[in-house]
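Below: one structure, written as structure tokens.
The values are calculated or read from the model by the stated rules, or taken from the named source; none is laboratory data. These figures come from a predicted structure and were not determined experimentally. Cβ placement follows ideal geometry from the backbone for every residue including glycine, while neighbour counts extend to all protein chains displayed.
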Amino acid sequence: MLLGILLVLFVVSFITLTRSVYVEQTEIVPKRGGEMVEGIVGSPRFINPLYGSTQDVDRDLVQLIFSGIMKYGEDGEVVNDLAKNVTVENGGKTIIVNLKENVFWHDEKPFTSDDIVFTVQALKDSAYKSPVRANWVGVEVLKVSELRVRFELREPYAPFIERLTLPILPAHIWENISPEKAALSLYNLQPIGTGPYKIASSKRSSEGNIIELRLRPNLNYYEQIPYIQSIVLRFYETEEKLIEAAQKGQVHNLTLSSTTLLARIRTGIVHELALPRYFALFFNVEADIVEKQSIRDALALSLDKERIVKEVFGEYGIIVNSPLPSHAFNTAEIPTESQDITKATALIEDNGYTKEEGVFVKTFQETSGSITSNLQRGSQGAQVRSLQECLAKDPEVYPLGTVNGVFGPSTQAAVISFQEKYAEDVLQPTGLTKGTGTVGPSTRAKLDELCFNQPSEQISLAIELVTLNQTIMLEIAEKIKEQWSSFGVDVKITSFSVSELERDIIKPRNYQVLLFGEILSIIPDPFPFWHSSQVKDPGLNLSVYDNKQADRLLEQIRREMDEEERIGLYNELQAIVLKDTPAIFLYDEPFLYITNSNIHGTLKDDSVIADPSKRFSNIANWYIKTKRTFK
């Protein structure tokens, strides 16, 4: 028995020791295998870099299937993808790209510089009607060799390196399809790329819409072959249906349009990613009332942004205080300005408003055209004309009614008739019984009373707030209205669909205050949003902002190739913009991506991504299965 016990102890000790040594000498690493199911709102239309930038579902698929010269790294920086290296010459006007060797398309044809030249030329060709064409007008691309291309710019443009993240098309396929037929090609839904995944199969609804795509790894991928062996993409008509599918366990991963929907998702890991964007109240500085900076300053001081963001988004809200927010860019952090009702009230009162029954009002009395000097026979000019216009309103007093600006006999007779008709107010106070025909102080006062001094009118301080007809935007607008109304401003909210807002409101700049969002790039170019040349459509200067000093900085930012110098210019620009108050910068919310708990290797929380599709920028590193290997 003793021998048996000792033998058991020996075996257990040996196994424990062996296991301990094994664990110490090995590490857990990703293993190929597993399936991931992603739910997406919408249905694929153009899995094609020429057209696929207009809806999220197409951008997601392009990200998985295609590659660009450059790509976004795990920290949001722009790094090499198809490029082996990139050099910048001629002060930023020339960019030379050396391409990686042994890169193949999904159909096993070799990738060359011809594919890049074709893609850029197609984008520039108006016959293709690409929505991203404007980004490439003025850019020349030249083939230097099979694996080398050169880009020539008219002017240095620092953010151009980010433009090179453009996914590349296979020339050997698309050069045989005319531009006029490109949008109808089957390759828009059966794409051939060089990216980490390719389409294996698809399912369609009875109406012919794609409802599911299955992707498998590209085994010829020039970088690490993806670990996850199957990605199933399921497409839903609405976000509501997507959430229902997630609640039933039919999808593993999904994105949400707002953090306010998170409470409806009961399982999964929540990833918070940052987008280079902000939402703001844009003042049309040429519109009534808000053309005065003191009014804009008062409206800004009367808002408690922290309360608005907390009430709507809870812990997920991000307060934004700048057109270049520090949470997305490496700019100087601007502290949130505290609500100051006293200071805001003083600014409003300086503009002639008083508060009555809780609302700021201004009293107007029209005195235009009143007679301010004595007139007599022989007088001429505008004052005489105003006198004649007033007298002519009473045919009994001035039957001729001539208005010529000359104080002649007929005008004199009319003045006498007027004085005697209103003798109680005009003649008696001065002891006269008959009209004199001379327009003195008492006559002028009576003329002003009858013709020029209109009844006073009170006009409230009223603002029309325009925004999108979307739940979150309307909720934010209501919070703003609540605070401004409490301050004393009469606020009206008007909302429109996306197409209506763009066509009828933004293009003609037909608004006082616009609640809207703007999306920048990872390497921001604020020129389209704040330069005075962009105040009219298709420019995006929503505040109609015009500051010559800011214009010079915006032009310099585009040319500055050194990142540290450019950040310094960003800081100068944001200080100028904030001083002028063309907008009230409000908030942002993180981009939420929910994944199954067994999916590892995704982007780190708080990573900055250029757009939602870039959550897949490191998809080849994602894994489900693991194994142990010796260190």
Using beta carbons and a limit of 6 Å, which pairs, at least six apart or on different chains, have the first residue in region 231-254 and over 16 Å from M36 (Cα atoms) and the second one surrounded by fewer than 13 Cβ atoms within 10 Å (Cβ to Cβ) and not hydroxyl-bearing (S, T, Y)?
-> I243/R264
Out of the residues in region 107-166 that are at pLDDT 95 or above and among the polar types (S, T, N, Q), state the one that is nearest to I523 (Cα to Cα).
-> T165
(1) out of contact with any strand residue (DSSP E or B) (no Cβ under 8 Å at 6 or more places or on another chain); (2) under 22 Å from E101 (Cα atoms); (3) of a type outside the set (A, V, I, L, M, F, W, C): which one isn't true of G138, the others all being true?
-> (2)
Would you mind stating whether Y222 is of a type outside the set (G, A, S), modelled with pLDDT of 95 or more and surrounded by fewer than 21 Cβ atoms within 10 Å (Cβ to Cβ)?
-> yes
For I95, which of the numbered conditions (1) in contact with a helix residue (DSSP H, G or I) (Cβ under 7 Å, 6 or more places away or on another chain); (2) modelled with pLDDT under 95 fails to hold?
-> (2)
Can you tell which of L573, L554, L603 is touching a helix residue (DSSP H, G or I) at 6+ places or on another chain (Cβ under 8 Å) and modelled with pLDDT under 95?
-> L603
Read through the list (1) outside any loop (DSSP other than H, G, I, E, B); (2) surrounded by 15 or more Cβ atoms within 10 Å (Cβ to Cβ), then give the number of the only condition that Q458 fails.
-> (2)
Would you check if there is a residue in region 30-45 being in contact with a Gly (Cβ under 6 Å, 6 or more places away or on another chain), outside any loop (DSSP other than H, G, I, E, B) and within 23 Å of H106 (Cα to Cα)?
-> no
Failed criterion for V290 (all others in (1) without any contact (Cβ under 8 Å) to a residue 60 or more places away in the chain; (2) among the β-branched types (V, I, T); (3) assigned to a loop (DSSP other than H, G, I, E, B); (4) within 24 Å of A462 (Cβ to Cβ) hold) | (1)
In region 512-560, what residues are in a helix (DSSP H, G or I), among the aromatic types (F, W, Y) and either under 16 Å from K579 (Cα atoms) or in contact with a strand residue (DSSP E or B) (Cβ under 9 Å, 6 or more places away or on another chain) (or both)?
-> F529, W530
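Would you mind finding the one in T581, T629 that is among the hydroxyl-bearing types (S, T, Y), over 30 Å from I95 (Cβ atoms) and either modelled with pLDDT of 95 or more or outside the structural domain of V57 (by TED's automatic domain parsing) (or both)?
Within the list T581, T629, the selection yields T581.
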